[in-house]
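In what follows, a structure is listed as structure tokens, so that the remarks can point back to it.
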Amino acid sequence: MLPLGNEGKLILYSKINYDMINMGAIFSDETENFRTPSESDFHEPVEVKIRTAKNNIDDVYIHVKEDVFQVQKAYQEGIFDYYSFVIPGELLSGRLEYYFELIKNEKSYYYNKKGLSYEHDNNYNFFILPGFKTPDWVKGSVMYQIYVDRFYNGDVSNDVVDNEYIYLGRASKRVANWEEPVANNDVGNFYGGDLQGIIEKMDYLKDLGVDVIYLNPIFTSPSNHKYDIQDYDYVDPHYGVIIEDINEPLTYEKFHNKYATMYVKRTTTIANLEASNLLMIKLISLAHEKGMKVILDGVFNHCGAFNKWLDKEGFYSSQKEYSVGAYRQKDSKYHDYFTWYEQDNWPNNDCYDSWWGFDNHPKLNFEGSRELYDYIIGIGKKWVSEPYNVDGWRLDVAADLGYSKEVNHQFWRDFRTAVKEANPEAIILAEHYGDPSEWLQGDQWDTVMNYDAFMEPITWFLTGMEKHSEEFKQDMLCNAQAFENSMRYFMARFSIQSLQMAMNELSNHDHSRFLTRTNMTPGRLHTQGFEAAGYDVNRGIMKEAVTFQMTWPGAPTIYYGDEAGVLGWTDPDNRRTYPWNREDQKLLSFHKEMIRIHKENRCLRTGSLEYLVIDYGVLSFGRWNKDEKIVVILNNNSDEQVIKVPIWKIGAEIDAFFTRLIYSDQHNFECDNRAFQAVEGVLTVKVSAFGSMVLKADS
């Protein structure tokens, strides 16, 4: 990106030297403001535009593939010129990249997602993915992630009991006290949260402003996280309904899973499984009635050692309803569902491939079994179809599936085809770290959990912390330039469709709670302890983060309890129970107001984004469309800052009035509707220490 040059750190519009290029006026992006249509069909012409200062540019060209076309000035509006070019439909047979070249005083400048540069960088080109159509309901939707066991216990009759079975060498445990601290070895401990609990709290979610409920895995599984699935066809009765039951936990004399008759009865009896699926249908139907969607967690790279196809514990092999598992017999019908390192080790062959060496996560062998391949695709299709009508999938470790990139990509193409045929409005959203672009070409995933272009950059800027709370970097704290550089690079990997749907989380089940990160203290549960996760936390920084989350492009996603002040180090401490009747009411109210602002202003969901002020500890950006212009300001410094915001860069009138929709500081927040007026295109405001502010131009 160019140095600030004649624009300076801040410049009044009236003082710009028009003999030089006005860098701050130049803008284009892939939103509907500058590209029509923003989602196009194959061979459909697409109009693209770029904005400059009025009468400031000599010529504009667009580079499309190997061709260069001159772009004509289309119209003037206010202080800007708009140049327009229609890309011919015959060029849009597949992914198409483009960028602009601007001429001023016989010198060339280049513009793409990086901004204005002296030299062109292909990594930041705009691009069009013809034929990539995505559900409008996802764009900017407010999502809410629920780790089911820790949300609310609505039915105590389905709770896991003490010593019901053994998992990873430990007996299952029912935690009787909902407020009991999470244990270091937590995976077999259960607090009793279930689907009935979610049903009973559905009005709470609606009142909060939730559009989409994302559930961590709900299928039959022995762990509380359920990423080791036992049966993909059925909801776990411990989350659902137990009709047929026996009260036979393990005893001291018979402390082995071959005696786990209670667990087997609960999790393999068809009556229990079918009743649990019916409860899931009820939950989804109720959510839909209240205007909310539901997406499920799809764990398809690996299953669990308890899975009926492997059946390491022998829970299924003795029952006539089920076939013998591949762990038990070499000639099992499921043999090729797994990869075996020893071919003469049966019965009870422990030599199977597993995910990252965890033998309770046996890796599924999609190359070895077309039957498995088709079955999992059928599962993807089943749950988005009648009678379940789930609204999409979040895909666990999606880039790991298969043993080769070729199989991985082909599987996700086939998965997409099947799911979209069953439910064209279903979302396909993947967990992924790093560059996701090869999966986001319109034929595989719709979007991703947004680590690189959301969670990590804002965490570094506001807290200086790594997202697991394992490292603090002083040089990253308040480093607004590093934030912008990171955002520009990683956001450039996304198409506009994928970006507007990206799951923007501050916390989740794999990383520390954001509120704990604000104490800027590295640690984990076993090194610092339960209470230390709440020492010296800064709720002002938390509110800055929520302000940012609700105003940045993407789908803001709340990890259950973040809105209520839940603390926690990384896994397992991030899985504390929701504090019913003990919520941080100020933080909860702040979330509600920010969600309201997000939902009332369309520009916060699909509008353009422009950086306005980038300074130490200060970040200001604008979101806008034709009808709305919003300014967001974060002050992450420990003292009040006077901030001058060049609002003319988002198309606001140079003497526009702005209404302050909300402001916050370390202790309070207020929606006061205070008015501010710009002077010569600049809005001057005072922002409190660790404060945030959202302002909207008056119509």
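The values are calculated or read from the model by the stated rules, or taken from the named source; none is laboratory data. Because the structure is predicted, anything quoted here is derived from the model rather than measured. When we count neighbours, we look across all protein chains shown, and the Cβ atoms used for this are built from the backbone with ideal geometry, even at glycine. Accessible surface areas use protein heavy atoms only, side chains included; no ligands, DNA or RNA. Shrake-Rupley method; radii C 1.70, N 1.55, O 1.52, S 1.80 Å.
General remarks:
- Against the criterion of solvent-accessible heavy-atom surface with a 1.4 angstrom probe, H335, H591 sort, most first, into H335, H591.
- From most to least packed by mean Cβ count within 10 Å, the peptides 356-363, 244-251 give 356-363, 244-251.
- Modelled spin-label separation between R370 and Q76, with each label point placed 7 Å from Cα along the Cα-to-Cβ direction: 6.7 nm.
- Residues E438 and N247, FRET efficiency given R0 of 30 Å [Cβ-Cβ distance, rounded to 0.05]: 0.05
- The chain, helix-only ellipticity at 222 nm - DSSP H runs n ≥ 4, -39,500 (n - 2.57), divided by all residues, nearest 500: -6000 deg cm²/dmol
- A Förster distance of 41 Å, applied to the separation of the beta-carbon atoms of T36 and E583, puts the FRET efficiency at 0.40.
- For the chain, radius of gyration divided by Kirkwood radius, i.e. Rg to Rh on alpha-carbons: 1.00
- Segment N123-D344, extension gain: residue separation times 0.36 nm, minus the distance between their alpha carbons: 74.5 nm
- Cα-Cα separations in region 44-132 greater than 16 Å, expressed as whole percent: 54
- Computing FRET efficiency as 1/(1 + (r/R0)^6) for E680 and I103, where r is the C-beta to C-beta distance and R0 is 35 Å, gives about 0.80.
- Given in Å, the Rg to one decimal and the Dmax to the nearest whole number for the Cα atoms of region 128-270 are 17.8, 66.
- Residues listed by number, region 412-427, amide nitrogen under 14 Å from W137 label point at 7 Å toward C-beta: 423-427
- Inter-part distance where region 268-290 and region 388-459 are each reduced to a Cα centre, Å: 26
- Distance between region 337-365 and region 639-656 - C-alpha centres, whole angstrom: 61
- With all protein chains kept in place, the per residue accessible area of the chain amounts to 36 square angstrom at a probe of 1.4 angstrom.
- Cα centroid separation, region 92-132 to region 38-87 (Å): 11
- Packing-based ranking of 55-63, 324-332, 391-399 yields 391-399, 324-332, 55-63, ordered from highest to lowest mean Cβ neighbour count within 10 Å.
- Averaging the sequence gap over all C-alpha pairs within less than 8 Å and six or more residues apart, then dividing by the number of residues, gives region 68-138 a relative contact order of 22 percent.
- What the Cα atoms of region 519-651 give is an Rg and a Dmax of 17.0, 52 Å.
- Using a simple spin-label model with pseudo-atoms 7 Å out from Cα toward Cβ, N177 and Q474 lie 4.0 nm apart.
- For the chain, the relative contact order comes to 11 percent (Cα pairs under 8 Å, sequence separation of at least 6).
- Percent carbon-and-sulfur accessible area, the chain, ignoring ligands, DNA and RNA, probe 1.4 Å: 47
- Site pair N668 and D400 shows an inter-label distance of 4.9 nm when each label is modelled 7 Å from Cα along Cα→Cβ.
- Residue-level accessible surface for T527, protein heavy atoms, 1.4 Å, Å²: 90
- Note on region 413-522: Cα-Cα pairs beyond 17 Å make up 57% of the total pair count.
- Highest average packing first - 280-291, 25-36, Cβ atoms within 10 Å: 25-36, 280-291
- Cα-based equivalent ellipsoid of region 527-592: semi-axis lengths in Å, sorted from largest, via gyration tensor: 21, 14, 12
- Count of Lys pairs (Cα-Cα under 19 Å; at least 8 positions apart or interchain) in region 299-394: 13
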